[in-house]
């Protein structure tokens, strides 16, 4: 059975059952763009779990094609970033050939957003601890960008949504002030609820912010050939470069 919307339909495969980011995205998207959501159930946020989760993504793609999705977004940057920039692109090319519809990951969105904002050098922040942040930084470096730092907050994966946005703001600003040559700020993942700090960060730091939900809205519009600016969530969706 096929379900369509008049401006296009995107099928989204969430990495976790965590609420928040999907609801924020749907409220931000222009009227007329349909969303068909599905979810994996990543719980620990570890490299081995991310790699296993790829099978879950692949199994859901044919269902979304059958349901009428014009575009498919296996979301969640980490499960694909751990493959590396080249490995991710090869996997998505294979899935696109099988599905016959465009497919894009969160990482692909974030790389394209940096390009659209003409930012070659950035500072990144995540809600992950330890060595995995080096993997995220290397992904962007292999894509041709300079990651000055990929700073991880000290929080359990399943508690990221409980972080105060004001605490996240303070952490990000500290990371930026230690890397003042950055041309953008990158926030990995939609788990933390941070839409309210995008514009304050852009005003106070003087550079654009790439936040996962806002970037997802930007890229869905771009790929569906829709151009409806959204105010209040930073330059990317306000200007739609």
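Every read-out reported here was derived from the displayed coordinates using simple, explicitly stated rules and does not represent laboratory data. The structure displayed is predicted, hence computed values, not measured ones. So basically every Cβ, Gly included, is an ideal-geometry build from the backbone, and we count neighbours across all protein chains shown.
A few points about this structure:
- Largest GNM mean-square fluctuation across 97, 134, 14, computed for the chain with C-alpha springs under 10 Å, falls on 97.
- Kirkwood hydrodynamic radius of region 149-209, Cα pairs, Å: 11.9
- Cβ-Cβ FRET estimate between residue 97 and residue 44, R0 fixed at 30 Å, reported to 0.05: 0.45
- Most mobile listed residue (157, 80, 176) in the chain, GNM with C-alpha springs under 10 Å: 157
- Calculated on C-alpha atoms, the gyration radius of the chain divided by its Kirkwood radius gives an Rg/Rh of 0.94.
- Least to most buried among 155, 168 (fewest other Cβ within 10 Å first): 155, 168
- Degrees between helix 47-66 axis and first principal axis of the chain (Cα, 0 to 90, nearest 10): 40
- Calculated from the alpha-carbon coordinates, region 132-241 shows an Rg and a Dmax of 14.1, 39 Å respectively.
- 0 to 90° range, to nearest 10: angle between helix 212-223 axis and the chain longest Cα axis: 50
- With contributions of -39500 (n - 2.57) from each DSSP H run of at least four residues, the per-residue ellipticity at 222 nm computed over the chain stands at -13500 deg cm²/dmol.
- Between 93, 119, 69, the Gaussian network model of the chain with springs among Cα atoms under 10 angstrom shows the greatest mean-square fluctuation at 93.
- Kirkwood Rh, Cα atoms: Rg over Rh of region 10-102: 0.96
- Here the contact order of region 108-241, divided by its residue count and restricted to Cα pairs under 8 Å and six or more residues apart, works out to 26 percent.
- Two-decimal ratio, region 92-196, of alpha-carbon radius of gyration to 2.2 N^0.38 Å: 1.15
- Listed from fewest to most Cβ neighbours within 10 Å, the set 205, 147 follows the order 205, 147.
- Computed over region 146-200: relative contact order in percent, which uses C-alpha pairs under 8 Å that are six or more apart: 50
- Relative contact order (%) - criterion: Cα under 8 Å, at least six apart; region: region 1-56: 43
- Compared with the dominant Cα axis of the chain, that is its longest principal axis, helix 165-177 is turned about 60°.
- Computed over region 75-139, the percent of Cα pairs more than 15 Å apart is 56.
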